[in-house]
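Enquirer: Got a structure here, written out as structure tokens. Questions coming.
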Amino acid sequence: MANRVTIIDDAHAGERTIRRFRLRVRGVVQGVGFRPFAFALARQMGLSGFVLNDNAGVLIEVEGFGADAFARAVKADAPPLSRIDIIEAQEIDTNGLTGFEIRESVGGKSATRIGADAATCRQCLEELFDPASRFFHYPFVNCTHCGPRLTITKRLPYDRVQTSMAAFAMCPACRADYENPLNRRFHAEPVACPACGPKLSHSVEAMAQAIRAGKIVALKGIGGFHLLCDAKNASAVATLRQRKARDEKPFAVMLRDVAAAGHFADLTHAETALLESPAHPIVLAASRGNLPHSVAPGLTRLGVMLAYAPVHHLLLAALEDGGKVPVLVATSANPGGEPLVASNEDAHRRLSGIADLIVTHDRDIVVRADDSVMQIVSGAPAYLRRARGYVPEPVDLGSDGPSVIALGSDLKNTICVTRGREAFLSQHIGGLDNAEARRWRISVPSSM
Ligand SMILES: [Zn+2]
Ligand SMILES: [Zn+2]
């Protein structure tokens, strides 16, 4: 969608006049660190006023010298997971008050939307591998720029008590980060650390050992379980294929970064950008043909994705020895074409005949979401499976219409609900010819 900004007229630019503007910011602007961003920017520009979330998005008032430049700066430097559809600016009377504050939300906190899950950001990755950080080697590190969203959310408004993080009381250090508008974790609802957050059932080293020994590991991730094995080990891949009864369907592979992915796929610029986008989808790309035949039998293309949860990064780092590039088969744990396994109980019940090691954690997955699958067609990204990382971001219909519910097909099912000009598509659900699929929890919360 084209971004539009109503630019405040420049007639007064450079004039040393105190002015006050009310800015209405619409788009994906809640739960993405927008308020602390506006707070920090206003302080940096020496402006007074406030920012708050309301039912229409974010409302900001700024006053001071250069208040007119604020809207442009908001547009230019917006937080990575936000998407500004429009900023409407209106000049209003000054009130002479000083200080800038984040105000309580109006009409229900962050009432309008839940964000999509986002891959671990660069800053969290640095902390993950920094021995001096309190998040060192912590498999659930996240912040407002990354981490689980939809998959942990039970209902709107998006707030910690409405997510599966409600079971974890924040420690003083996490609480301080959560309450500090200048911290990257200000109101990051899933914030957690080794002292207070979720834990894995097994060590990363235990997983790495199993992979090195050619075993199959079931690992609970963001939207469900993966089945993992060493993609270079032909007998491990063949065993996985046989146990999963997957015939000839290709397996996707997971790598640490695009440099590693480049060893196995010939990536274009567009494919690289898509791999590194916050959604971190599986991208179909030209295979270099240097993995065992059984990874993607008879195909010239390979499904590639980058590690997107901290635990993936830890596992791939643990497997890195002697400069060899680790590459994992990472396929959805959905035995017999049933929906993805997402609960610990389900994993033990449905995966014990497939995986040699089942690794769970105690943060519940509320909404299942498979890995999204995409390819570049004529230079632009196209969806083959729209799920984790994209759902429940609405599709803009371009104009208002009546509320409609569409229940989709029997095979490769997806449902859709519309609200005004927005269409909320559920994640890929798959075939409906089994009991598990009928128990599926869809991703459109009831209060949307
Ligand atoms: Zn982060
Ligand atoms: Zn903590």
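Enquirer: Counting residues that are modelled with pLDDT of 95 or more, of a type in the set (Gly, Ala, Ser) and within 21 Å of Gly337 (Cα to Cα), which strands (runs of 3 or more DSSP E) fully inside the stretch 238-317 reach at least 1? Full working, then the answer.
Expert: Numbers: elements: 253-255, 282-287, 301-306.
Where strands (runs of 3 or more DSSP E) fall fully within the stretch 238-317 and carry at least 1 residues being modelled with pLDDT of 95 or more, of a type in the set (Gly, Ala, Ser) and within 21 Å of Gly337 (Cα to Cα), they are 301-306.
Enquirer: If I ask for residues that are in a strand (DSSP E or B) and surrounded by fewer than 18 Cβ atoms within 10 Å (Cβ to Cβ), which ones from the stretch 376-412 would you list?
Expert: Those that are in a strand (DSSP E or B) and surrounded by fewer than 18 Cβ atoms within 10 Å (Cβ to Cβ): Val377, Ala380, Pro381, Ala382, Tyr383, Leu384, Val395, Asp396, Ile405, Ala406.
Enquirer: Let me ask you something else. Are any residues in the stretch 266-285 closer than 16 Å to Leu384 by Cβ and among the hydrophobic types (A, V, I, L, M, F, W, C), and if so, which ones?
Expert: Ala270, Leu274, Leu275, Ala279, Ile282, Val283, Leu284, Ala285 - these are the residues of the stretch 266-285 that are closer than 16 Å to Leu384 by Cβ and among the hydrophobic types (A, V, I, L, M, F, W, C).
Enquirer: Among what's in the stretch 115-136 and is among the aromatic types (Phe, Trp, Tyr) and within 15 Å of ligand 2 (Cβ to nearest atom), pick the residue that is farthest from Val29 (Cα to Cα).
Expert: If we take residues in the stretch 115-136 being among the aromatic types (Phe, Trp, Tyr) and within 15 Å of ligand 2 (Cβ to nearest atom), then Phe136 is farthest from Val29 (Cα to Cα).
Enquirer: Within the stretch 176-196, track down each residue that is over 19 Å from Val29 (Cα atoms) and either more than 8 Å from ligand 2 (Cβ to nearest atom) or in a helix (DSSP H, G or I) (or both).
Expert: Of everything in the stretch 176-196, those that are over 19 Å from Val29 (Cα atoms) and either more than 8 Å from ligand 2 (Cβ to nearest atom) or in a helix (DSSP H, G or I) (or both) turn out to be Ala176, Asp177.
Enquirer: Next question, about the same structure. How about the stretch 197-226: which of its residues are assigned to a strand (DSSP E or B) and touching a Pro at 6+ places or on another chain (Cβ under 9 Å)? It would help to see each step written out before you state the result.
Expert: Taking the stretch 197-226 and keeping what is assigned to a strand (DSSP E or B), we get 200, 217-220, 225-226.
Listed by number, the list holds a single entry, Leu200.
Enquirer: When residues of the stretch 306-360 are filtered for being without any contact (Cβ under 8 Å) to a residue 40 or more places away in the chain, over 23 Å from Gly214 (Cβ atoms) and of a type in the set (Gly, Ala, Ser), how many remain?
Expert: Result for the stretch 306-360: 1.
A quick yes/no check of all residues on (1) modelled with pLDDT of 90 or more; (2) in contact with a Lys or Arg (Cβ under 6 Å, 6 or more places away or on another chain); (3) surrounded by 15 or more Cβ atoms within 10 Å (Cβ to Cβ):
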| site | (1), (2), (3) |
| --- | --- |
| Ala342 | yes, yes, yes |
| His348 | yes, no, no |
| Leu351 | yes, no, yes |
| Ile358 | yes, no, yes |
| Asp364 | yes, no, yes |
| Asp370 | yes, no, yes |
| Gly420 | no, no, no |
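Enquirer: So in the stretch 149-171, with the set limited to residues that are away from ligand 2 (no atom under 16 Å from the Cβ) and part of a loop (DSSP other than H, G, I, E, B), which one is nearest to the chain's Cα centre (by Cα)?
Expert: Arg149
Enquirer: Could you list, in sequence order, the residues of the stretch 162-191 that are small (Gly, Ala, Ser) and under 17 Å from Asp364 (Cα atoms)?
Expert: Ser164, Ala166, Ala167, Ala169
Enquirer: Could you check, for the stretch 189-212, whether at least one of its residues is within 16 Å of ligand 1 (Cβ to nearest atom), in contact (Cβ under 8 Å) with a residue 24 or more places away in the chain and on the phi > 0 side of the Ramachandran plot?
Expert: no
Enquirer: Picking from Ser201, Ser235, which residue would you name as being in contact with a His (Cβ under 7 Å, 6 or more places away or on another chain) and either surrounded by fewer than 18 Cβ atoms within 10 Å (Cβ to Cβ) or farther than 30 Å from Gly322 by Cβ (or both)?
Expert: Exactly one residue qualifies, and that residue is Ser201.
Enquirer: Right, next: Looking only at the stretch 124-168, which residues are of a type in the set (A, V, I, L, M, F, W, C) and farther than 14 Å from Ala188 by Cα?
Expert: Within the stretch 124-168, Leu125, Leu128, Phe129, Ala132, Phe135, Phe136, Leu156, Ala167 qualify.
Enquirer: Then there's this: Among the residues of the stretch 318-330, write down those that are surrounded by fewer than 20 Cβ atoms within 10 Å (Cβ to Cβ) and modelled with pLDDT of 95 or more.
Expert: Ala318
The values are calculated or read from the model by the stated rules, or taken from the named source; none is laboratory data. As the structure is a computational prediction, the values presented were derived from the model and not from experiment. So basically every Cβ, Gly included, is an ideal-geometry build from the backbone, and we count neighbours across all protein chains shown.
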